[in-house]
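Below is one structure, written out as structure tokens; the observations come after it.
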Amino acid sequence: MAGAELIGREELAEIQELFSKEKVNLYRYGGGNYKAREFEEKFAAYMGVKYAHAVSSGTAAIHCALAGAGIEPGDEVITTAWTFIAPIEAISALGAVPVPVELDETYHLDPAEVEKAITPATKAVVAIPMWAPPKMDEIAAICKKHNLLLIEDAAQALGASYKGRKLGTFGSVGSFSFDAGKTLHTGEGGIIVTNDKEIYDRAAEFSDHGHMHLPGLPRGKDPRRAKGLNLRLSEVTAAIGLAQLAKIEMILSKSKENKRKIKEGIRHLDNITLRPFSDEAGSQGDTLIFKVRDHDAALQFEAHLMEHGFGTKILPEALDWHFAGVWGHLLGEYDRYSNADLEALWPKTGALLRSSVCLNIPVLIDDATIDKLVQAIISGSKKIG
Ligand SMILES: Cc1ncc(COP(=O)(O)O)c(C=O)c1O
């Protein structure tokens, strides 16, 4: 839950400040406005990049990132078979071809599978960090070797890093979400980050019907060089984002500390395997993933945790939604997938997800509740034998 747990007075104060202006304008391209700009500048500074452009959702953000990077109809875009469907929707909305590939043991793009999936039509690789870093060195090297764009949909991974460098800053462009399950929460919202002025401009144009925002021109006369949509962020959302961004270090450090305590309590259990990392120091505290014997054991574990008042997050239920094997309603539009048994296309990923459990680690959890959770995991591990 992260930022969503902390919505309160500070967010309200930012909105009140916006409404204290003599002439309130909630439209980001209205005259005299500043919340969206300020949010973008502060976010870019936090990320250590030149440009940030905020939009209406994380789905919009990856859509703008891909459009800004020049993904076109027919381009193949390699990405992971375990994620929320939004990046696949964005690839498909641009007329490009999503190519999900199998996971490695860290639950991310397997570099060997990426290399295997490259064809002359491949234009980009979208790395999707799931609260932790993929093997970024290897993925970046493959992109360089094959002259492919590297894009990061880091919706789930704001604040995570790889070898000290923030995720979202490895490729040409990165995107983030501010929905209710993410590090920061603004109701709805998302943002792209890049050091490339051309990508930034094109992404911003895409988010606003193609408008180039040339200074001094009335909107009707503002030129367009490519089509777009309305994926704009409102000033109210940006105001909330400013208050949330001020809390980011606290959110990240508290959840990491909570996760450390939980891991300490369960590390000795020999029938659950904590997920390995490409760089554990760079992982977030938001989630804890472990693997058990098989799918039945994962379901039994999930039911046991529920009995003790703790829910799971995405796993093992990913098989119903966060897995390429169940995206027939979208992938079915492509010849290569339309007659395929989708689940059979990613057997390694299916098996890993089926036997895994993922827990949400709140920011606001006291030591007594942490202890209860640890005890529930210990008794769950005994139950599955
Ligand atoms: C990898 C990824 N990309 C994009 C999104 C979409 O974000 P939003 O819900 O803000 O549209 C999500 C949401 O979970 C996500 O996990």
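The values are calculated or read from the model by the stated rules, or taken from the named source; none is laboratory data. No experiment lies behind these values; they were computed from the predicted model shown. Counting neighbours? That spans all protein chains shown, and the Cβs are built from the backbone with ideal geometry, glycine included.
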Wholly within region 232-349, which helices (runs of 4 or more DSSP H) include no fewer than the required count, namely at least 2 residues that are over 30 Å from Ala36 (Cβ atoms) and either in contact (Cβ under 8 Å) with a residue 60 or more places away in the chain or in the same structural domain as Val55 (by TED's automatic domain parsing) (or both)? 248-266, 295-307, 328-331
Would you please name the residue that is surrounded by the most Cβ atoms within 10 Å (Cβ to Cβ), looking only at residues in region 259-300 that are among the basic types (Lys, Arg) and under 24 Å from the mean Cα position of the chain (by Cα)? Lys291
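Residues are listed down the side, and each one gets a yes or a no for (1) among the charged types (D, E, K, R); (2) over 19 Å from the mean Cα position of the chain (by Cα); (3) buried (at least 17 other Cβ atoms within 10 Å of the Cβ):
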position	(1), (2), (3)
Met306	no, yes, no
Gly328	no, yes, no
Leu331	no, yes, yes
Asp335	yes, yes, no
Gly350	no, yes, yes
Ile361	no, no, yes
Ile365	no, yes, yes
Thr369	no, yes, no
Gly385	no, yes, no
For region 187-201, how many residues are within 12 Å of the ligand (Cβ to nearest atom) and surrounded by 24 or more Cβ atoms within 10 Å (Cβ to Cβ)? 4
